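Here is the structure we will look at, set down as structure tokens.
FYI, it's all coordinate maths here, none of it is from the lab. Treat the numbers as computed from the prediction; the structure is a model and nothing was measured.
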Amino acid sequence: MVALRNLVSNRIQAQAGIFGNSSGLPLYVYPVEWPIRESRLLRVCVIQGLLPVTKDFSGGLAGLDEPAFRARHRNHTASILHLAYQQLQARDSVLGKDHKPYVDLVVLPEYSVHIDDQDLMRAFSDGTGAMLFYGLCGATEPVSGKPINAARWLVPQRRAGGRSWVEVDQGKMYPTPEEVALGVNPWRPYQVVIELRSGDKAEFRISGAICYDATDISLPADLRNVSNMFIVSAMNKDVKTFDSMVGMLRYHMYQHVLVANAGEFGGSTAQAPYEQEHMRLISHNHGSEQIAVSVFDVNIDHFGPNLDAAKPAIPSPGGKTRRIGKTPPAGLNRH
């Protein structure tokens, strides 16, 4: 009993230490066991799908549950997951196949997966070993049942006894005017932080937001000393503004920032505050009405707990000295 009391007390103390004072949100850290490659690379896949599109909301939220649209939406979800799987196989055929997870993190846009299509996501995760973060279509508030906008973390946990799931939803606090007109309610009682662990060591922390919530500057302010990667699931037509936002956040949060945007608008991107300009833009899908799958590797030591990017410059070929990342922003206190 004493051990349990101490465990709870330590957990409360740890949570109080990372409480989001700017946003007023508790930041809940979910520790998960994750196999870290010897290369220290985290493989990431951003999937930019096409459904739903803006006109699919013209009949209200109920229209997204109509049998005809449900069939189209489910088939599209299955198709883009299959496309991503094929791309991963093509990549592995050239670079060599790892053991699972073949890809560590998969991110999809806002509203991209219907709440009743979780079987597809679990099957994809089983096939690739990946954890997923994706926008939900048809999400409701747990108590009242009112419509909300949420994204889901689906993280497989494999142990000797078999496979289980960490499944937790990340809410959206600031619906757009269009969403409010549809009856979508604010819901963000907490901020999820997924902590990848290897044994007793915390290796990397990832947190996510849904579209318009990423523009709430109090949220990145709270996360920049806690997370090592910030991901955004979006359905945003103002691609240029979001490009500017990511360029700002990557430096002020001093970490990788990813956006998975709807294919109707394009602009899915991954960026990080590297010293060398050509390394800052890791991925960007230009153009509208496009399905796109981007796969890339993230070195977890650069902006992870080791924070190699912030260390003093090191000698490079040719006698020049060069640091990995830009000079950290004032007040950064992540370790």
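Computed from phi, the 3J(HN,Hα) profile of region 138-144 under the Karplus parametrisation 6.51, -1.76, 1.60 (θ = phi - 60°) reads x, 6, 10, 5, x, 8, 7 Hz, with x in place of Gly and Pro. Close Lys pairs in the chain (alpha-carbon distance under 24 Å; sequence gap of 8 or more, or different chains): 12. Close amide H pairs (under 5 Å, H built 1.01 Å from N) link PHE204 with LEU196, residues at least 5 positions away or on another chain.
A convex hull fitted to the Cα coordinates of the chain yields 159 cubic angstrom per residue. Using C-alpha pairs under 8 Å with a sequence gap of at least 6, the mean separation divided by the residue count of region 263-317 gives a relative contact order of 29 percent. Scanning residues 5 or more positions from TRP165 or on other chains, those with amide H under 5 Å from its amide H are GLN157, with H placed 1.01 Å from N in the peptide plane.
In the calculated pair-distance distribution of region 256-296, the portion above 12 angstrom amounts to 56 percent of the Cα-Cα pairs.
For region 116-123, backbone phi angles converted through the Karplus equation (6.51, -1.76, 1.60; θ = phi - 60°) give residue-by-residue couplings of 8, 10, 5, 4, 5, 5, 5, 5 Hz, Gly and Pro being listed as x.
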